[in-house]
Amino acid sequence: MDENTVTKKIMLSGIQPSGDLTLGSYLGAIKNWVDRTDEFDNYYFMADMHSITVRQDPAALRRRTLEQLAQYIACGLDPEKNTLFIQSHVSAHAQLGWVLNCYTMFGELSRMTQFKDKSAKNKDNINGGLFTYPALMAADILLYQPDYVPVGEDQKQHVELTRNVAQRFNGIYGDVFKIPEPYIPKVGARIMSLSDPTSKMSKSDKDPNGSVYLMDKPEDIQRKFKRAVTDSDTERCVRYDPQAKPGVANLMTIYSAVTGRTFAEIEAEFEGKGYGAFKPAVGDAVAETLRPIREEAQRILADKAYLESVYKAGAEKASYMANKTLRKVYKKIGFVAR
Ligand code: ATP
Ligand code: LTN
């Protein structure tokens, strides 16, 4: 570790391997990670322990966890500059997760919108893990003493709960945890489904036309954007108005995030052209952004030995950091040192 690494601020985040990564996961989270790589000391992981709060097929979970790692790297996360690891490889997550369960209130957990959404979607499997999930997420975060947690808008509530739990713990035992800040992108924090602009684009969406996956081929991306739901207004002009025109606003958000153009520039570009020209242009821009990522991910995925070397080194580095925090916590709460 050089001197710079020691003094850099820390960034940490994770994504569950519960489905194939989408344009939402990229624009809401991963792109932010990549853009800030050099500025921070970075920890990014595959949240496999979180994903089993919803029933998973074991072979698919294993495959998706490795695919997700290949996609992280293909998106631009250099394993030399980022600690990339699999959550279940670092046992401190489960250990601190249990401790923090005892410092997280039933009422707090009951207010989590993700719990309400997911329990509505999985009525036959509303398990304890789904409910206490934010305590494990708090452990994921607090173990690494990060300054920032880069996530999409939907995860803000969990990061806020993490701050409350950390403050509660610090209030009893002294300054054990750094209080982290959520870090949410200005454009792309909430990408909506292409087939239903009132719901979030999500990996586990049953409708494959609503989500654009990082591994989609350019022709599939084009097709999805051409079919994207726009609005039934008669105006049919490209104007940013999320209330009246949520479908168009969503496409503008996506176009802005991938091209860097402002909403005003986009409105000017498509002045008098209507949706017929706008939708394929967004499709093209997204397809071109994702093409190199897809190709690189496929290449990396074929090299199993390389992937293994990345996650092994990642687990070692992450464990070192995580165990330091865990030891401190165990001591503070009165566990006998072994
Ligand atoms: P699932 O469908 O399994 O719940 P998801 O697709 O909703 O998954 P997550 O794994 O919950 O995605 O999220 C991964 C990261 O990407 C999080 O930081 C989340 O905030 C962000 N993210 C996910 N979907 C979107 C979206 N549609 N827009 C912006 N950010 C998103
Ligand atoms: N809950 C997050 C995934 C996640 C996470 C984390 C994100 C698990 N642990 C720690 C940031 C920090 C999700 O569902 N997207």
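The values are calculated or read from the model by the stated rules, or taken from the named source; none is laboratory data. Remember, it's a predicted structure, so these values are computed and weren't measured experimentally. Note: ideal-geometry Cβ built from the backbone for every residue, glycine included; neighbour counts use all protein chains shown. With ligands, DNA and RNA removed, areas are computed over all heavy atoms of the protein, side chains included. Shrake-Rupley method; radii C 1.70, N 1.55, O 1.52, S 1.80 Å.
Looking only at residues in segment 179-196 that are within 13 Å of ligand 2 (Cβ to nearest atom) and assigned to a strand (DSSP E or B), which one is least open to solvent (accessible area, probe 1.4 Å)?
182
Going by the conditions given, is residue 259 out of contact with any strand residue (DSSP E or B) (no Cβ under 8 Å at 6 or more places or on another chain), open to solvent by 10 Å² or more (accessible area, probe 1.4 Å) and closer than 28 Å to residue 294 by Cβ?
In short, yes.
In segment 137-154, how many residues are open to solvent by less than 30 Å² (accessible area, probe 1.4 Å) and either of a type outside the set (Val, Ile, Thr) or over 20 Å from residue 37 (Cβ atoms) (or both)? If you could, list the steps in order and put the result at the bottom.
First pass over segment 137-154, keeping only residues open to solvent by less than 30 Å² (accessible area, probe 1.4 Å): 137-144, 146-147, 149-152.
Filter again for either of a type outside the set (Val, Ile, Thr) or over 20 Å from residue 37 (Cβ atoms) (or both), leaving 137-140, 142-144, 146-147, 150, 152.
Selection size over segment 137-154: 11.
Can you give me the number of residues within segment 126-136 that are more than 13 Å from ligand 2 (Cβ to nearest atom) and either open to solvent by less than 10 Å² (accessible area, probe 1.4 Å) or within 23 Å of residue 25 (Cβ to Cβ) (or both)?
Adding up the residues that qualify gives 0.
Restricting to segment 204-222, and then to whatever is closer than 18 Å to residue 74 by Cα and assigned to a loop (DSSP other than H, G, I, E, B), can you tell me which residue is farthest from ligand 2 (Cβ to nearest atom)?
Ranking the qualifying residues of segment 204-222, first place goes to 217.
Go through (1) more than 16 Å from ligand 2 (Cβ to nearest atom); (2) in contact (Cβ under 8 Å) with a residue 60 or more places away in the chain; (3) over 30 Å from residue 122 (Cβ atoms) one by one and return the number of the condition residue 81 breaks.
Only one criterion in (1) more than 16 Å from ligand 2 (Cβ to nearest atom); (2) in contact (Cβ under 8 Å) with a residue 60 or more places away in the chain; (3) over 30 Å from residue 122 (Cβ atoms) is unmet by residue 81, namely (2).
Among the residues of segment 155-172, write down those that are open to solvent by less than 40 Å² (accessible area, probe 1.4 Å) and not β-branched (Val, Ile, Thr).
Listed by number, the residues that qualify are 155, 158, 161, 166, 169, 170.
Going residue by residue through segment 140-149, is there one that turns out to be in contact with a His (Cβ under 6 Å, 6 or more places away or on another chain) and closer than 21 Å to residue 10 by Cβ?
Within segment 140-149, one or more residues are in contact with a His (Cβ under 6 Å, 6 or more places away or on another chain) and closer than 21 Å to residue 10 by Cβ.
Restricted to segment 216-256, and to residues that are closer than 13 Å to residue 282 by Cα and among the aromatic types (Phe, Trp, Tyr), which residue is surrounded by the fewest Cβ atoms within 10 Å (Cβ to Cβ)?
Here the answer is 225.
Looking at segment 276-292 only, could you name the residues that are touching a residue at least 40 places away in the same chain (Cβ under 8 Å), out of contact with any strand residue (DSSP E or B) (no Cβ under 9 Å at 6 or more places or on another chain) and surrounded by 19 or more Cβ atoms within 10 Å (Cβ to Cβ)?
278, 279, 282, 283, 286, 287
How about segment 1-104: which helices (runs of 4 or more DSSP H) wholly inside it have at least 1 residues that are modelled with pLDDT of 95 or more and either on the phi > 0 side of the Ramachandran plot or within 16 Å of the chain's Cα centre (by Cα) (or both)?
31-35, 48-51, 58-75
Pairs please, first residue from segment 102-122 and in contact (Cβ under 8 Å) with a residue 24 or more places away in the chain, second anywhere and outside any helix (DSSP H, G or I) and open to solvent by 30 Å² or more (accessible area, probe 1.4 Å), Cβ atoms under 6 Å, 6+ apart in sequence or on different chains.
Going by the 6 Å Cβ cut-off, the qualifying pairs are 122/54.
Looking only at segment 88-112, count every residue that is of a type outside the set (A, V, I, L, M, F, W, C), open to solvent by 50 Å² or more (accessible area, probe 1.4 Å) and within 24 Å of residue 44 (Cα to Cα) and tell me the total.
Initially, segment 88-112 is screened for residues of a type outside the set (A, V, I, L, M, F, W, C), giving 88-89, 91, 93, 95, 97, 101, 103-104, 107-108, 110-111.
If we keep only those that are open to solvent by 50 Å² or more (accessible area, probe 1.4 Å) as well, we get 88-89, 91, 95, 111.
Now narrow it down to the ones that are within 24 Å of residue 44 (Cα to Cα): 88-89, 91, 95.
Residues meeting the conditions: 4.
Taking segment 300-314 only, how many residues are part of a helix (DSSP H, G or I), among the charged types (D, E, K, R) and more than 23 Å from the chain's Cα centre (by Cα)?
So the count comes out to 1.
Please give the number of the condition residue 226 fails out of (1) under 14 Å from residue 191 (Cα atoms); (2) part of a helix (DSSP H, G or I).
Residue 226 satisfies all of (1) under 14 Å from residue 191 (Cα atoms); (2) part of a helix (DSSP H, G or I) except (1).
Can you tell me which residue is surrounded by the fewest Cβ atoms within 10 Å (Cβ to Cβ) among those in segment 9-25 that are under 15 Å from residue 67 (Cα atoms) and more than 6 Å from ligand 1 (Cβ to nearest atom)? Give the steps one after another, and end with the answer.
First, pick out the residues of segment 9-25 that are under 15 Å from residue 67 (Cα atoms): 14-22, 25.
From the residues that got through so far, the ones that are more than 6 Å from ligand 1 (Cβ to nearest atom) too are 14, 17, 20-21.
On the way: 14: 25, 17: 26, 20: 18, 21: 24.
The residue in question is 20.
Enumerate the pairs (first residue in segment 141-162 and without any contact (Cβ under 8 Å) to a residue 24 or more places away in the chain and closer than 15 Å to residue 184 by Cβ; second residue anywhere and open to solvent by 10 Å² or more (accessible area, probe 1.4 Å) and part of a helix (DSSP H, G or I)) with beta-carbon separation below 9 Å, excluding pairs fewer than 6 apart on the same chain, so at least 6 apart or on different chains.
Pairs that qualify, where the first residue is without any contact (Cβ under 8 Å) to a residue 24 or more places away in the chain and closer than 15 Å to residue 184 by Cβ and the partner is open to solvent by 10 Å² or more (accessible area, probe 1.4 Å) and part of a helix (DSSP H, G or I), are 159/137.
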